[in-house]
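Trainee: Mind having a look at this structure? Questions to follow.
The values are calculated or read from the model by the stated rules, or taken from the named source; none is laboratory data. Values in this document were obtained by computation on a predicted structure and should not be read as measured data. Cβ placement follows ideal geometry from the backbone for every residue including glycine, while neighbour counts extend to all protein chains displayed.
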Amino acid sequence: MPNLPIYLDNAATTPVDLRVVDAMLPYLTAQFGNPASGTHVFGQAASRAVERAREHVAALINAQPAEIAWTSGATESNNLAIKGAAFANARRGKHMVTVATEHKATLDTMHWLETQGFAVTVLAPESNGLISLDNFSNSLRADTVLASVMLVNNEIGVIQNVAALGRICRERGVLFHVDAAQATGKLPIDLATLPIDLMSLTAHKTYGPKGIGALYVRNAPQVRIECQMHGGGHEHGLRSGTLATHQIVGIGECFRIAREEMATEVPRIRAQRDRLWDALRALDGVRLNGDLQQRVAHNLNISIANCDLPLAALTEVAISSASACIIGQASHVIAALGDVGSSETTAMVMRITVGRFNTDADIAFAARYLHDKIKTHRAVKQKAA
Ligand SMILES: *Cc1c(COP(=O)(O)O)cnc(C)c1O
């Protein structure tokens, strides 16, 4: 019998790997120095730890350590990348392109820029969640300075073709920002070959702590962005503030582990996800949201017709219906897929995301539990009707 409830909401956040906790602890105690205090061993030890972490983060995405700037997470990275590029390039143009299924950290930043005199095109995806390269290409204008497209969608797990999108941006002289918060440790990322200028990263979706992330800023060709946080000129002037050594050590360690273990972890998680899908697709009226092939291994997002079971009634499994950031609202991602996702008023949406610490016993229990709950709920409703 597995430990209940079973956590299957790993796209919202992941538990911190205990190896990461162990790596962080000394930097909260004996090694408490300020990494900017170069005059003594306390500061020097902290600074060395920060630079080691920068190497681990850069290695996971095949970038140079000097291209990594620390932030508080992907929300801040998206703000810094998008506002920073918008203001640094405003004399060239004031048009930006993004997609309706992006995270709110991107969409809300873009909408704020509209209040500052920028124009934003928000593309609709195809019904499988992917964006058409033709639509994307046609949306770029002479005054477009930046396009922002996520690598992996946080709700439906689809993987956008950022290599092709980036090539289009390069040809047209448009900067390309990619939110990769959901992609680290889930698929290989090679910035030596991908035509991407700015990439947002965060630790807490990859078994690291909350409150730490990074922005990749390409240095060849050098991408210029305007800083949003002034004071002290840390991080080459990109983001001021005393570095949170323990948090930075945490993101370094969780990305180091991700790089080492991704190849064995992903197939195991894919098999577990597929077992859940097999159990649920055996029911009538269950449909997968988002493309099944162009999709990360841990994500299952389904619409279930004739079922209005509240998620809170599923006390033994922790799952969600949408991104954790927009609790209480219908999903803007599912809505953007068109009538496929959201037409029936009594359809419920479940996002189930498997993680590193789910056992086969967890998956067997959850598959049976969810299958039975839906079946029973439908039977009771039918009787009452
Ligand atoms: C979680 C998430 C964010 C926000 O990251 P934080 O580190 O929590 O600020 C941004 N984009 C995507 C795609 C996410 O999944």
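Trainee: Just to be sure I understand, how many residues within region 211-226 are within 10 Å of the ligand (Cβ to nearest atom) and β-branched (Val, Ile, Thr)?
Mentor: 1
Trainee: With respect to the numbered conditions (1) crowded, with 23+ Cβ neighbours inside 10 Å; (2) over 18 Å from Thr106 (Cβ atoms), which one is the sole condition not fulfilled by Ala45?
Mentor: For Ala45, the failing item is (1).
Trainee: Still on this structure: Are there any pairs, at least 6 apart or on different chains, whose C-beta atoms fall under 6 Å, with the first in region 2-13 and within 11 Å of the ligand (Cβ to nearest atom) and the second among the polar types (S, T, N, Q) and outside any strand (DSSP E or B), and if so, which?
Mentor: Close Cβ pairs satisfying both conditions: Ala11/Asn154.
Trainee: A follow-up question, please. Among the candidates Gly241, Gly237, single out the residue that is of a type in the set (Gly, Ala, Ser), in contact with a Phe, Trp or Tyr (Cβ under 9 Å, 6 or more places away or on another chain) and either at pLDDT below 95 or assigned by TED's automatic domain parsing to the domain that holds Lys373 (or both).
Mentor: Only one candidate qualifies: Gly241.
Trainee: Continuing with this model, one more query. Out of everything in region 152-210 that is closer than 30 Å to Tyr27 by Cα and of a type in the set (Val, Ile, Thr), what residue ends up being farthest from the ligand (Cβ to nearest atom)?
Mentor: Ile189
Trainee: Inspect region 227-238 for any residue being more than 24 Å from Gly93 (Cα to Cα), within 16 Å of the ligand (Cβ to nearest atom) and in contact (Cβ under 8 Å) with a residue 40 or more places away in the chain and give the result as yes or no.
Mentor: no
Trainee: Could you give me the residue pairs with C-beta distances under 7 Å whose first residue belongs to region 198-215 and is of a type in the set (Ser, Thr, Tyr), whose second residue is within 10 Å of the ligand (Cβ to nearest atom) and part of a loop (DSSP other than H, G, I, E, B) wherever it lies, and which are 6+ apart or on separate chains?
Mentor: If the second residue must be within 10 Å of the ligand (Cβ to nearest atom) and part of a loop (DSSP other than H, G, I, E, B), the pairs left are Ser200/Ala180; Ser200/Ala181; Thr202/Gly73; Thr202/Ala181.
Trainee: Does Gly252 satisfy the condition of being surrounded by 23 or more Cβ atoms within 10 Å (Cβ to Cβ) and not in a loop (DSSP other than H, G, I, E, B)?
Mentor: Yes, satisfied.
Trainee: Please enumerate the residues belonging to region 22-63 that are among the acidic types (Asp, Glu) and within 26 Å of Asn219 (Cα to Cα).
Mentor: Glu51, Glu55
Trainee: How many of the residues in region 99-151 are in contact with a helix residue (DSSP H, G or I) (Cβ under 7 Å, 6 or more places away or on another chain), β-branched (Val, Ile, Thr) and within 15 Å of the ligand (Cβ to nearest atom)?
Mentor: Summing the residues that are in contact with a helix residue (DSSP H, G or I) (Cβ under 7 Å, 6 or more places away or on another chain), β-branched (Val, Ile, Thr) and within 15 Å of the ligand (Cβ to nearest atom) in region 99-151 gives 4.
Trainee: Here's a follow-up. Looking at this structure, is Ala11 of a type in the set (Gly, Ala, Ser) and farther than 30 Å from Ala330 by Cβ?
Mentor: It is false that Ala11 is of a type in the set (Gly, Ala, Ser) and farther than 30 Å from Ala330 by Cβ.
Trainee: Turning to a different aspect of this structure: Quick check on my filter: what residues within region 253-265 are in contact with a His (Cβ under 8 Å, 6 or more places away or on another chain) and among the hydrophobic types (A, V, I, L, M, F, W, C)?
Mentor: Phe255
Trainee: So, one more: Can we say Ala88 is touching a Lys or Arg at 6+ places or on another chain (Cβ under 9 Å), at pLDDT 95 or above, of a type in the set (Gly, Ala, Ser) and surrounded by fewer than 23 Cβ atoms within 10 Å (Cβ to Cβ)?
Mentor: Yes; evaluated as a whole, the condition is true for this residue.
Trainee: Something else now. Within region 259-270, is there a residue that is touching a Leu at 6+ places or on another chain (Cβ under 8 Å) and surrounded by 21 or more Cβ atoms within 10 Å (Cβ to Cβ)?
Mentor: No: region 259-270 contains no residue that is touching a Leu at 6+ places or on another chain (Cβ under 8 Å) and surrounded by 21 or more Cβ atoms within 10 Å (Cβ to Cβ).
Trainee: Still on this model: Right, Val20: in a helix (DSSP H, G or I), within 16 Å of the ligand (Cβ to nearest atom) and in contact (Cβ under 8 Å) with a residue 40 or more places away in the chain or not?
Mentor: When the stated conditions are applied, Val20 passes them.
Trainee: Right, another one. Taking the stated definitions as given, is Gly33 more than 16 Å from the ligand (Cβ to nearest atom), more than 24 Å from Met199 (Cα to Cα) and in contact (Cβ under 8 Å) with a residue 60 or more places away in the chain?
Mentor: yes
Trainee: Kindly provide the set of residues from region 355-385 that are among the aliphatic types (A, V, I, L, M) and without any contact (Cβ under 8 Å) to a residue 60 or more places away in the chain, ordered by number.
Mentor: Residues satisfying the conditions are Ala379, Val380, Ala384, Ala385.
Trainee: Residues in region 335-385 that are surrounded by 15 or more Cβ atoms within 10 Å (Cβ to Cβ), in contact with an Asp or Glu (Cβ under 7 Å, 6 or more places away or on another chain) and modelled with pLDDT under 95: how many?
Mentor: Final tally of qualifying residues: 1.
Trainee: Further question: Residues in region 165-182: is at least one assigned to a loop (DSSP other than H, G, I, E, B) and either at positive phi or surrounded by fewer than 20 Cβ atoms within 10 Å (Cβ to Cβ) (or both)?
Mentor: Yes: region 165-182 contains one or more residues that are assigned to a loop (DSSP other than H, G, I, E, B) and either at positive phi or surrounded by fewer than 20 Cβ atoms within 10 Å (Cβ to Cβ) (or both).
Trainee: Evaluate region 212-221: report whether one residue or more is in a loop (DSSP other than H, G, I, E, B), within 21 Å of Thr101 (Cα to Cα), modelled with pLDDT of 95 or more and under 17 Å from the mean Cα position of the chain (by Cα).
Mentor: Scanning region 212-221, I find no residue that is in a loop (DSSP other than H, G, I, E, B), within 21 Å of Thr101 (Cα to Cα), modelled with pLDDT of 95 or more and under 17 Å from the mean Cα position of the chain (by Cα), so the answer is no.
Trainee: If I ask for residues that are within 19 Å of the chain's Cα centre (by Cα), closer than 30 Å to Ser127 by Cβ and in a helix (DSSP H, G or I), which ones from region 263-296 would you list?
Mentor: If the condition is that a residue be within 19 Å of the chain's Cα centre (by Cα), closer than 30 Å to Ser127 by Cβ and in a helix (DSSP H, G or I), then Val266, Ile269, Arg270, Arg273 are the ones that fit.
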